[in-house]
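Heads up: the structure comes next, in structure tokens.
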Amino acid sequence: MDIPGWRIRLDGSVVEVGSRGGVALSWRVPSPRGSDTEVLDGYRGAEERRGGDGARQALLAPWSNRIRGARYSWGGRDWDLGPAADGTREALHGLALEAGFELVEQTDACLRLRTTVSHPEYPVPVRLQATYELGHTRRGDGTDEWSLHLTLEARNLGHVDAPVGLGWHPYVRWMGGREGARVHVPAHLHVDTDEALIPLPGDAAFSEVGGGSVEIASPVGLDDAWTGLSTHDGIVSVVLDHADGARTVLEAEVGPGADLPGAGIVQLFTGEPLVHRPGRSLAMEYCQFMTDAVNRPELHDALRLAPGEARTLRARLVQTL
């Protein structure tokens with residue numbers, strides 16, 4: 001690993017995590033075919049990481065996805081997050097992408113990192129703590145189930161309420177190629193957007209999904225979100241069945257305001273615009289709130305995090321081969 005960071009392992013499963021952004025760079029699991037299988041399409045070297053192409057495995061905090069024009073209103077005033085280095089005004093994916101994370105605790109199979117993020121046009125500083133943990137279960141049929149758990153906590157360090165919504169942005173490699181793969185999203189609503197990928201105003205942002213679930217074969221050209229998620233014991237499960245018979249499942253604990261459209265989304269991105277390895281993986285993202293949530297008054301109460309309080313995202317990837 002030529003990027004500064006840490007490595008944890010369990011029963012032959014290995015994850016590498018970089019200090020910049022606290023992102024998972026690689027997750028390899030033992031294959032029954034006799035060699036390790038790479039699950040993630042992470043940054044391959046320091047040059048790719050510096051470019052930040054695709055926000056691979058990004059920890060999305062204290063907001064996820066885009067904010068319309070990088071401007072929003074909160075707490076009785078207007079805020080302007082300003083343009084990115086390339087001049088775009090998207091305020092894309094929060095403040096953690098380039099933050100330096102420090103080690104809090106490490107064991108063989110568990111890693112805990114911490115940083116504090118702030119911005120002059122965001123109401124408060126936020127302390128972030130990210131915990132990665134590996135799991136392994138031998139199932140009754142003799143197959144191995146490997147898991148990578150993420151717990152992401154954000155704590156309001158300021159003296160006023162702040163809008164906080166968390167997310168995770170893992171890219172999963174196609175195993176056996178994209179043709180023949182199939183993904184299932186248990187959702188009742190599609191999030192409809194404009195050309196800038198900002199959800200449409202009001203109820204126009206949501207269209208019904210027939211049957212309450214989405215099945216997509218050989219996914220291509222996707223940068224789509226769904227909400228109105230169906231859960232089991234408060235957990236949503238997004239299933240990717242690979243062409244070679246492997247299966248990857250993204251599971252996430254649905255967070256605050258889960259009964260509201262736009263509170264709890266699954267985003268799928270097939271990555272054709274990426275600079276590196278375009279279309280070679282599927283971003284399977286869970287976010288506590290929809291894109292531009294801070295500009296939707298109906299979500300403000302759910303977004304609101306009081307001084308001293310914390311909000312937590314719990315998610316995991318589960319891999320069988």
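Readers should treat all values here as calculations from the given coordinates under stated rules, not as data from a laboratory. Just so it is clear, the structure is predicted and the values come from calculations on it, not from any experiment. No Cβ is skipped: glycine too gets one built from the backbone with ideal geometry, and neighbour counts run over all protein chains shown.
Order of 308-321, 105-118 by packing, highest average Cβ count within 10 Å first?
308-321, 105-118
Beta carbons within 10 angstrom, averaged per residue: use that to sort the peptides 258-270, 176-188, highest first.
258-270, 176-188
Hey, if you put +1 on the Cβ of every Lys and Arg and -1 on every Asp and Glu Cβ in region 190-321, which of His190, Pro201, Val254 ends up farthest toward the positive end of that dipole?
Positive-end residue among those listed: Val254.
In whole angstrom, how far apart do the alpha carbon centroids of region 175-243 and region 30-60 sit?
One Cα centre to the other: 23 Å.
Using helices alone, I'd like the mean residue ellipticity at 222 nm for the chain: each DSSP H run of four-plus residues gives -39500 (n - 2.57), total over residue count, nearest 500.
-500 deg cm²/dmol
If you place +1 on the Cβ of every Lys and Arg and -1 on the Cβ of every Asp and Glu, how big does the dipole about the Cα centre of the chain come out, in debye to the nearest 20?
Computed charge dipole of the chain: roughly 720 debye.
Mean separation of Cα pairs under 8 Å and 6+ residues apart, divided by the residue count of the chain: what relative contact order is that in percent?
Reported relative contact order: 18 percent.
Please state the shape class of region 233-321: rounded when a/c is under 1.5, otherwise prolate if a/b exceeds b/c and oblate if not, all from the C-alpha gyration tensor.
prolate
Between (1) 15; (2) 45; (3) 38, which entry matches percent of Cα pairs over 35 Å apart as derived from the coordinates of this structure?
Answer label, from the structure shown: (1).
Residue by residue through region 206-220, what is 3J(HN,Hα) from phi via Karplus (6.51 cos²θ - 1.76 cosθ + 1.60, θ = phi - 60°)? Round to whole Hz and write x for glycine and proline.
Karplus-based 3J(HN,Hα) across region 206-220 equals 10, 10, 5, 9, x, x, x, 7, 10, 10, 10, 9, 6, x, 8 Hz.
Would you mind putting 156-164, 196-204 in packing order, based on average other-beta-carbon counts within 10 Å, highest first?
Peptide ranking by packing, descending: 156-164, 196-204.
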